[in-house]
Amino acid sequence: MNGATEAGRGEKQPFVIFGPGEYEVKEISCSGFPSGSTYGGEGKINTVYSVHFDGLSVLYLGALGDLDLPSDLLEMDSPDVLILPIGSGGTLTPAEAAKLAVKLEAKIIIPILYDEKSLKVFLKEAGAEGVKPVEKLTIKPRDVVGKENEVVVLSA
């Protein structure tokens with residue numbers, strides 16, 4: 001699922017994180033929290049992942065379908081990077097996504113699962129209307145210092 005079978009290279013097999021729970025591989029720690037989604041038209045379990053590595057924290061919301069995040073997740077520090085859905089059927093609407101991004105106080109916000117209309121609405125709601133897509137994004141701990149709710153759109 002999600003391309004994990006294609007992730008291996010040669011003899012080395014990838015460590016696949018799948019579903020809620022606590023994971024640790026080398027210097028990377030990951031916590032998975034169950035949440036809801038109706039992505040694809042039916043009720044499903046979605047997993048929200050909080051990943052910590054190299055002095056950065058990344059919160060990946062996956063195909064989150066509602067604003068009810070687990071309380072354990074809400075008690076964590078604000079993420080450096082927030083990756084969230086912004087309007088593909090069964091996920092957060094652009095307005096809900098913008099509201100949640102502000103609530104979580106992320107330094108950098110990366111929208112996913114959207115069409116052009118959803119992106120336009122999200123950027124307006126997030127106060128980031130002039131943002132242009134970028135081909136590549138590299139983030140280091142020093143890059144997030146002083147940032148607050150900065151939206152970065154990755155080109156497809």
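The values are calculated or read from the model by the stated rules, or taken from the named source; none is laboratory data. Every value quoted in this text rests on a predicted model; they were computed, and no experiment measured them. No Cβ is skipped: glycine too gets one built from the backbone with ideal geometry, and neighbour counts run over all protein chains shown.
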| message | List pairs: first residue in the stretch 124-146 and in contact (Cβ under 8 Å) with a residue 12 or more places away in the chain, second residue among the hydroxyl-bearing types (Ser, Thr, Tyr) anywhere in the structure, Cβ distance under 8 angstrom, at least six positions apart or on different chains. | response | Pro133/Ser155; Val134/Ser155; Glu135/Ser155
| note | Of the residues in the stretch 50-68 that are aliphatic (A, V, I, L, M) and assigned to a loop (DSSP other than H, G, I, E, B), the one that is modelled with the highest pLDDT is Leu61
| note | Within the stretch 89-108, the residues that are of a type in the set (D, E, K, R), part of a loop (DSSP other than H, G, I, E, B) and buried (at least 19 other Cβ atoms within 10 Å of the Cβ) are Lys107
| message | So for the stretch 57-77 (the condition being touching an Asp or Glu at 6+ places or on another chain (Cβ under 8 Å), among the hydrophobic types (A, V, I, L, M, F, W, C) and closer than 30 Å to Glu27 by Cα), does at least one residue qualify? | response | yes
